[in-house]
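Throughout, read-outs are computed from the coordinates displayed, never taken from laboratory work. All figures in this text were calculated on a predicted structure; none of them were measured in a lab. Every residue, glycine as well, gets a Cβ built from its backbone with ideal geometry; the counts of neighbours run over all protein chains shown.
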Amino acid sequence: MERADPSEYRFGTPTVLRVEFQAGPRVCELGGRSRDRSEFRRGAAGDGRGEVVGMEAETGPSMEPSDSSLLIHASMVNERSKNSDGDRWETGGGRWGLHAPVRVVRVPNGTFAGMGVDLETITVERDGHVVLVTIDHPNSAMNAVDELLHRELAELFRYLAVGEDELIAGARAIVLTGHGPAFSAGGDMSWFPQLSSPDRLNRLRREGKQIIWDQLDIEPPVICALNGPAVGLGASIALMCDVIVMADTAALIDPHVKVGLVAGDGGAAIWPLLVGPLAAKRHLMLGLPLGADEALRLGIAAEVCDRADVATSARRWADDLAAQPPLAVQGTKISVNQQIKQALLTSFDVSTALEMTCFHTNDHAEAVAAFVEKRAPHYTGS
């Protein structure tokens, strides 16, 4: 085998992707149109050609990708990055070959071609049969939920639920995690005072409903790599996942009541299902955290490990699930999720409607002010 010289991935306009690499005296090129898979071709010096259909490469006489995978996605546009150290291009026996591990499919702040979704706070990557999703808010080290992240979570879960974009099509598992010290630290207190108009509250309600229901409609299993605290909406999203791998320092907390709001975001449905109604009331009404050890004891966490090992452990769960018969796995998940949906039908709209009214109360304004001023709140019941 002759090791090829790595070149750059070139992502040009929003419609054209071109990758060039060189091995010895000859240059091969991969090019095409990201929004028309039939025109997405891989050509080589010589007389052979191969086509890339979605994410799978069909070999031609001049090029042979190992494992039949070509994990370079046409939706990655307006991005320029060097090959990672793990990528290598090799030739052998006069035939071109692409040898693993080439697994760079990253869409930072990118556009998903099939859905037209442009995200600033979430990154999506494809690695074989596994999609890696990371909440990474550029303006919040703790991934606090503001208007932008709230909207983009709704867009993300719609995109993953539809599953028709090339980046997600055929995926067998999804890993969801947060960047930095927290999965998501809950609602951004500086955002709450802006939620006073009926239009903004109605948008919040619709997006909140879309986030939870679309998450439950994602067919590949979702593994939550809980790297740190998951608070409020973050806790609901984590608890709606199919497998939770928790850092030993992570916790699940729903403090809606602590900020003068009814427990919306699906918390009033999912907590009783997992811990029982009485324990759920304690956690929700007092904002009591559910730590990693207790979550493991209750069967909520599948595994607890050191924070540094969360990503690796979650990926192992994802690979194990991806190795199972995908239709059977997805059908089983869909069937079990019907029970969660029944609980949502009972309580989601009620809790969300009651939550919306609380945004106009004096107690909510007092809770936010006390948090900002770092003092104890004084509630009046008005």
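Of the residues 206, 126, 172, the one with the fewest other Cβ atoms within 10 Å heads the list, and the complete ranking is 206, 172, 126.
Convex hull volume per residue, computed on the Cα atoms of region 106-368, equals 113 Å³. Positive contributions from Lys and Arg (+1) and negative ones from Asp and Glu (-1), summed over other residues with Cβ under 13 Å from the Cβ of residue 194, come out at -2. Compute the Cα gyration tensor for region 255-382, then decide on rounded, prolate or oblate, letting a ≥ b ≥ c be the square roots of its eigenvalues: rounded whenever a/c is under 1.5, prolate when a/b is larger than b/c in the other cases, and oblate in all that remain. It is prolate, given that a/c is not under 1.5 and a/b is the larger ratio. Quick check: net charge around residue 204, other residues with Cβ under 13 Å of its Cβ, Lys/Arg +1 and Asp/Glu -1? With Lys, Arg at +1 and Asp, Glu at -1, the neighbours total -1. Going from the residue with the fewest nearby Cβ atoms within 10 Å to the one with the most, 183, 371 rank 371, 183.
Most tightly packed first, judged by the mean number of other beta-carbon atoms within 10 Å of their residues, the peptides 329-340, 345-356 read 345-356, 329-340. The amide H of residue 173, built 1.01 Å from its N in the peptide plane, has 131 as neighbours under 5 Å, considering only residues 5 or more places off or on other chains. Our note on the geometry: Cα centres of region 300-314 and region 240-260, 14 Å apart.
Positive contributions from Lys and Arg (+1) and negative ones from Asp and Glu (-1), summed over other residues with Cβ under 13 Å from the Cβ of residue 296, come out at -3. The residue among 138, 273, 292 whose Cα reaches farthest toward the positive pole of the charge dipole of region 106-368, with charges on the beta-carbon of Lys, Arg, Asp and Glu, is 273. Among the GluC sites (Glu not before Pro) in region 141-229, those placed in a DSSP loop whose Cβ has at most 16 other Cβ atoms within 10 Å are 164. Listed cross-link partners 258/281; 209/374; 209/333 are compared with a 22 Å cut-off, the Cα-Cα value being larger for 209/374.
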